[in-house]
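Before any comments, here is the structure.
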């Protein structure tokens, strides 16, 4: 009889340990999900800042402050991309 009691007690201890481990893992997973959400928000903010910095509204005044100017239409030369036939 005591052997069965010890066996049942051991099983119950194992179940409690397993449940505790699952709770700890779930808490860690939740923390990692929150961290990922924060990093994705930060990435989106950085991408918005990059797009804003690439805009003509930002680049033209910055270039003019450096003494550069926009070329006239007659000064723009469009070079064709080389084809593989002339080799």
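A quick yes/no check of all residues on (1) part of a helix (DSSP H, G or I); (2) surrounded by 10 or more Cβ atoms within 10 Å (Cβ to Cβ); (3) out of contact with any strand residue (DSSP E or B) (no Cβ under 9 Å at 6 or more places or on another chain):
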site	(1), (2), (3)
42	yes, yes, yes
52	yes, yes, yes
57	yes, no, yes
68	no, yes, yes
74	yes, no, yes
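Would it be correct to say that residue 3 is surrounded by fewer than 10 Cβ atoms within 10 Å (Cβ to Cβ), modelled with pLDDT of 90 or more, out of contact with any strand residue (DSSP E or B) (no Cβ under 8 Å at 6 or more places or on another chain) and assigned to a helix (DSSP H, G or I)?
yes
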With 29, 47 as the choices, which residue is at pLDDT 95 or above and either more than 16 Å from the chain's Cα centre (by Cα) or outside any helix (DSSP H, G or I) (or both)? 29
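The values are calculated or read from the model by the stated rules, or taken from the named source; none is laboratory data. Keep in mind the model is a prediction, meaning the values are calculated, not measured. All Cβ positions, glycine included, derive from the backbone under ideal geometry; neighbour counts span all protein chains shown.
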